[in-house]
Amino acid sequence: MNPFSVQTLGSEGDVEKLNLDAQTRYLAGGTNLVDLMKHQIETPVSLVDLSEWEGASEIEKTGNGYRIGAMVTNTELANFAWREPSLSVLSQALLSGATVQLRNRATTGGNLLQRTRCYYFYDTAKPCNKREPGTGCSALTGMNRIHAIFGTSEQCIATHPSDMAVALMALNASVSVKTAMGKNRDIALREFYCTPGETPERENVLEQGDLITSVYIPAGTRGTQHYYKVRDRASYAFALVSVAAALELNEETIHSVSLSFGGVGTIPWYPKKALEILQGNKFSVQLLEKAIDAELADAKTFGSNDFKPGLLRRVFLSVMLSLAQRQKKQPGHEGALYENR
Ligand SMILES: Cc1cc2nc3c(=O)[nH]c(=O)nc-3n(C[C@H](O)[C@H](O)[C@H](O)COP(=O)(O)OP(=O)(O)OC[C@H]3O[C@@H](n4cnc5c(N)ncnc54)[C@H](O)[C@@H]3O)c2cc1C
């Protein structure tokens, strides 16, 4: 590791007093950043330690939603969400990620900003446009079994690894930020991440020194919820394909549907085309197939990940059919904000 200095953040108001430059990084749980520093992929000259940040580890339940402090750990959030029926998909996603020890340490802000798990991003002996712009993308013609099929470019096909972000996207969450100048701004999660395009090193819309202060989840995602993650091992593994979904049927009609896909996009994937086809229409296998086919029309594969469109299709169908089935088995629950765990 390279030498670095450490500053401490005591409160949100301290941001303006920090000495921030392009080589400064916020240190939350450190479960990703410290690894990247050990591999010399991140070489900050200065860290801002967030562990003493007062008030950032709280979860507030308001009349309209939930405000999750940036330093709330993945364990705390999973436990909280488990008790809130309309956040069930979030709890399931968090509990499917990493391990207990990691979740005890990992934070809400850090989880959103964790870097890709592309093998070539971690291998400093190989070209990688995300790590070193202009060097090339080794995954395009190399091992790309875990790589993206949506939102790719000639520059980069790495997936975003977060399970939590996929669930938060389905729940229509937004990210609250304090800028280095002390200004507050809110960014819808659906607008937060950047596909690689010509600048794969830029992964989100944050500017230098921006601090994530909290995540806001509006109440009111309706219907039964499910997060389904397909991975190589039952724990300690990132998603090959995942689907976060909430579905509410009114008789046979889709009254409300929320969806997001993980493991398939260079960013947590919001399937706009599929949602447009589903919303307000009569629920049927044919409708589900039409929706996923429309979304998959934009998919691009690279050899070893040719299996992903088919896998995503099957996982999507399975999740949606099981959600519909669960509602039919629970007459009277169709209109409730309830999840049947
Ligand atoms: C073996 C292993 C398995 C894993 N499996 C999974 C998995 O299956 N699913 C999954 O989703 N994740 C998985 N993870 C990743 C884990 O969830 C992340 O490492 C963790 O969420 C990062 O949070 P952190 O608080 O430790 O972030 P840090 O490592 O402290 O920071 C990560 C990044 O976020 C920035 N940052 C942190 N907080 C803020 C803030 N408030 N404002 C601005 N910037 C900030 C840091 O500067 C850094 O760039 C795994 C990790 C490991 C090591």
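The values are calculated or read from the model by the stated rules, or taken from the named source; none is laboratory data. As the structure is a prediction and not an experimental result, all values here were calculated from the model. Please note: Cβ atoms are built from the backbone with ideal geometry, for glycine as well, and neighbour counts cover all protein chains shown. Quick note on the areas: whole protein, heavy atoms, side chains included, nothing else; ligands and nucleic acids left out. Shrake-Rupley method; radii C 1.70, N 1.55, O 1.52, S 1.80 Å.
Residue-level check: of (1) more than 14 Å from the ligand (Cβ to nearest atom); (2) within 28 Å of residue 48 (Cβ to Cβ), residue 267 misses just (1).
Just give me the residues in region 232-250 being in contact (Cβ under 8 Å) with a residue 12 or more places away in the chain and not hydrophobic (A, V, I, L, M, F, W, C), in sequence order.
235, 236, 242, 248, 250
So is residue 185 free of Cβ contacts under 8 Å to residues at least 12 places away in the same chain and not in a loop (DSSP other than H, G, I, E, B) or not? So residue 185 passes the test.
What strands (runs of 3 or more DSSP E), lying completely within region 24-69, carry at least 2 residues that are on the phi > 0 side of the Ramachandran plot and in contact with a strand residue (DSSP E or B) (Cβ under 9 Å, 6 or more places away or on another chain)?
In region 24-69, no matching strands (runs of 3 or more DSSP E) lie anywhere.
The set of residues in region 22-47 being more than 8 Å from the ligand (Cβ to nearest atom) and open to solvent by 70 Å² or more (accessible area, probe 1.4 Å) consists of 23, 38, 39, 40, 45. Look at (1) closer than 19 Å to residue 202 by Cα; (2) of a type outside the set (A, V, I, L, M); (3) surrounded by fewer than 23 Cβ atoms within 10 Å (Cβ to Cβ) and you find that residue 61 fails only one, number (1).
Scan region 98-108 for residues that are open to solvent by 10 Å² or more (accessible area, probe 1.4 Å) and under 24 Å from residue 241 (Cα atoms) and the total you get is 7. Among all positions in region 142-165, there is no residue which is over 25 Å from residue 124 (Cα atoms), among the β-branched types (Val, Ile, Thr) and at pLDDT 95 or above.
Of the residues making up region 161-178, those that are within 11 Å of the ligand (Cβ to nearest atom) and in a loop (DSSP other than H, G, I, E, B) number 2. The set of residues from region 162-207 being of a type in the set (Gly, Ala, Ser), open to solvent by 20 Å² or more (accessible area, probe 1.4 Å) and within 18 Å of residue 244 (Cα to Cα) comprises 174, 188. The listed residues are 136, 209, and the only one of them that is more than 16 Å from the ligand (Cβ to nearest atom) and more than 22 Å from residue 261 (Cβ to Cβ) turns out to be 136. Among the candidates 263, 280, the residue that is of a type in the set (Gly, Ala, Ser), open to solvent by 30 Å² or more (accessible area, probe 1.4 Å) and closer than 23 Å to residue 188 by Cβ is uniquely 280. Scanning region 228-257 for residues that are part of a strand (DSSP E or B) and closer than 21 Å to residue 299 by Cβ yields a count of 9. Residues in region 48-58 that are surrounded by fewer than 20 Cβ atoms within 10 Å (Cβ to Cβ) and within 11 Å of the ligand (Cβ to nearest atom): 49, 51.
Condition check ((1) assigned to a loop (DSSP other than H, G, I, E, B); (2) within 23 Å of residue 216 (Cβ to Cβ); (3) open to solvent by less than 20 Å² (accessible area, probe 1.4 Å); (4) not β-branched (Val, Ile, Thr)) across all residues:
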{"position": "90", "(1), (2), (3), (4)": "no, yes, yes, yes"}
{"position": "94", "(1), (2), (3), (4)": "no, yes, yes, yes"}
{"position": "112", "(1), (2), (3), (4)": "no, yes, yes, yes"}
{"position": "117", "(1), (2), (3), (4)": "yes, no, no, yes"}
{"position": "121", "(1), (2), (3), (4)": "no, no, yes, yes"}
{"position": "132", "(1), (2), (3), (4)": "yes, no, no, yes"}
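Residues in region 89-106 that are within 8 Å of the ligand (Cβ to nearest atom) and more than 13 Å from the chain's Cα centre (by Cα) were compared, and the one that is nearest to residue 262 (Cα to Cα) is 98. Among the residues of this structure, residue 81 does not count as one that is within 16 Å of the ligand (Cβ to nearest atom), farther than 22 Å from residue 60 by Cβ and either in contact with a Leu (Cβ under 7 Å, 6 or more places away or on another chain) or not assigned by TED's automatic domain parsing to the domain that holds residue 297 (or both).
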